[in-house]
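These notes concern the structure reproduced below.
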Amino acid sequence: MLQKFIAPIEVTPIETVRFDAQFRVESIGPLSIRKTVSMPARINVNDERRIDYMAEQRFFLLMPVEGRVRYSHYGREDELEPGDFALFDGQAPGRLEFTEPNTSFHLVLSAKDLKARLPSPENLCGLKTYRDRHYGLVVRALLEDVWRQIEQGFPQEHGLTIAKNILDVIATAYSLQHGKRFSESSSMSERRAHIKRFIEARLRDPNLSASYVADYFGVSTRYVSMIFEKEREPISAYILRRRLEECAHQLASRDWASYSVTDIAREWCFVNRAHFSRVFKKRFGTSPREYRRLKLQQTPG
């Protein structure tokens, strides 16, 4: 039963000597809620196995209640403070990182239940929803109260009603905080989501381009470009940005300290060192080597 809700992930403890993590999964009608307590760690879900793992699409809502969580998903990066939350597509790659002890709630939501309330949830994936803005506090209070009820003995006969209440409150918070994202048709947002999942899983492929994506999906390059118009970022710029962000992530990580800047650049398809340095500096304001030096100085050994 747990495998239905827990997909293969790669967990890298930040403090390996005293790492510990615990979780508990419970069902509320059609929903699954999980509470995790973990020492600092990095969690990667970034390979092609993940894309096909779930035959049925599911979405995940993550809310830290103790400790901050940095994440990357759907080409978006941000940090969640306790009480903030974000939606994740269960079929898409992503990354979480927390450098302090963390306690979080995770909700597993079926696409059918979510789309009945949010017509284009793919547009919302990776967007931070704030605890101190419209309905943010209500979502946190509801999840904490539901978990208290679970610990005291949850009345399963009311599971369906409570699940509907949770979904309605979450949908209201997203509608109030990200209402403009709802204007696009669900079919268009789903097509973009499929393309983004494809791109994210193949960022290391040197052949990745708009024409490569178009060939895979059996559509024209113009159509693929049109899909990205609402993002205000051409698909080529999206691919370049995401590769640079992955390079920056590895340059800032002690896990990759034994790899040269050139090795990391090549890992993400930058074969020309001068070109890589130029586009990296344009994106991050400093050279790759200086960026690595500064980030590693800020990271505990």
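The table that follows gives values for the structure above.
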read-out: Residue in segment 151-162 that is outside any helix (DSSP H, G or I), outside the structural domain of PHE270 (by TED's automatic domain parsing) and touching a residue at least 12 places away in the same chain (Cβ under 8 Å) present; value: yes
read-out: Answer residue from segment 140-149, given it is of a type outside the set (Lys, Arg) and without any contact (Cβ under 8 Å) to a residue 60 or more places away in the chain and is surrounded by the most Cβ atoms within 10 Å (Cβ to Cβ) among those; value: LEU142
read-out: Leading residue by the ranking (farthest from PHE270 (Cα to Cα)) among those in segment 199-237 that are of a type in the set (Asp, Glu) and in contact with a Gly (Cβ under 9 Å, 6 or more places away or on another chain); value: GLU231
read-out: Which listed residue, of GLU15, GLU66, GLU97, is modelled with pLDDT under 85 and not hydroxyl-bearing (Ser, Thr, Tyr); value: GLU15
read-out: Yes/no for ARG222 being charged (D, E, K, R) and surrounded by 15 or more Cβ atoms within 10 Å (Cβ to Cβ); value: no
read-out: Filter result for ASP215 (of a type outside the set (A, V, I, L, M, F, W, C) and farther than 28 Å from CYS125 by Cα); value: no
read-out: Single residue of segment 72-85 satisfying the filter (more than 13 Å from VAL139 (Cβ to Cβ) and surrounded by 21 or more Cβ atoms within 10 Å (Cβ to Cβ)) that is nearest to the chain's Cα centre (by Cα); value: HIS73
read-out: Index of the failed condition, ASP168 passing every other in (1) more than 21 Å from the chain's Cα centre (by Cα); (2) of a type outside the set (A, V, I, L, M, F, W, C); (3) not assigned by TED's automatic domain parsing to the domain that holds HIS134; value: (3)
read-out: Members of segment 106-139 that are touching a Gly at 6+ places or on another chain (Cβ under 9 Å), in a helix (DSSP H, G or I) and crowded, with 19+ Cβ neighbours inside 10 Å; value: GLY136, VAL139
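The values are calculated or read from the model by the stated rules, or taken from the named source; none is laboratory data. No experiment lies behind these values; they were computed from the predicted model shown. For neighbour counting, all protein chains shown are included, and Cβ atoms are generated from backbone atoms with ideal geometry for every residue, glycine included.
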